[in-house]
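A.B. asks: Have a look at this one.
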Amino acid sequence: MRHDDDPLARLPREATPPRALRERVIGDLRARGLLRFARPSRRRAGLAAAAAVALFLGGAALGRTTAPVSTAIGSEARFVLLLYEGPGYDRSDPEADRVAEYAAWARAQGARIAMGEKLGDEERVLGPAPGAAAASPEALAGFFIIAAGGWDEAMAIARDCPHLRYGGRVAVRQIAT
């Protein structure tokens, strides 16, 4: 193509092509693998940064099902209920039903339950051989962190835990402050 036949060559050097044309050309060059990186405009970069902050804050708000333990339970003592399953643990009900029952129990406790989780089956232990503890047929299956006015209240909450109805064992330990 000669210079005289090129319509873009006749444009003044300061002229900018229309935005739609520019985006189509950039898109075509990217599709062909000829353009790998285009520096975003300041407006687009600002919008992207604002979107990232909004997503982060929204995700943090949605991802939290409870308030942090320190604020959820105020100045009350914190305890952990350790849920153990041994050979006598009854798994005859479908797991989904048990999980729903534990969740309903936790909701009924209200602000007393700061958090709880079911643990996976695999356990990896570091350190010296645990000796007699390794022979124990019980497995730590989950935990709840609770708020209570003291040991008596913590034990009352633990006694009501559905885990006991299935033949599991609940160990209560106070979290050191």
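A.B. asks: If each of residue 75 and residue 125 carries a label point 7 Å out from its Cα toward its Cβ, how far apart are those two points in nm?
C.D. replies: 4.1
A.B. asks: Working out 0.36 nm times the residue gap between residue 101 and residue 140, then minus their Cα-Cα distance, what length gain in nm do you get to one decimal?
C.D. replies: Answer, rounded to one decimal: 12.2 nm.
A.B. asks: Sort 75-85, 109-119 by packing, meaning the average of other beta carbons within 10 Å per residue, with the highest value first.
C.D. replies: Packing order, densest peptide first, comes out as 75-85, 109-119.
A.B. asks: Run the quick spin-label model on residue 91 and residue 6: label points 7 Å from Cα toward the beta carbon, then report their separation in nm to one decimal.
C.D. replies: In this crude spin-label approximation the distance works out to 7.4 nm.
Each reported figure results from applying straightforward, stated rules to the coordinates on display, with no laboratory input. Predicted model, so just to flag it, every value in this text is computed and none were measured. Please note: Cβ atoms are built from the backbone with ideal geometry, for glycine as well, and neighbour counts cover all protein chains shown.
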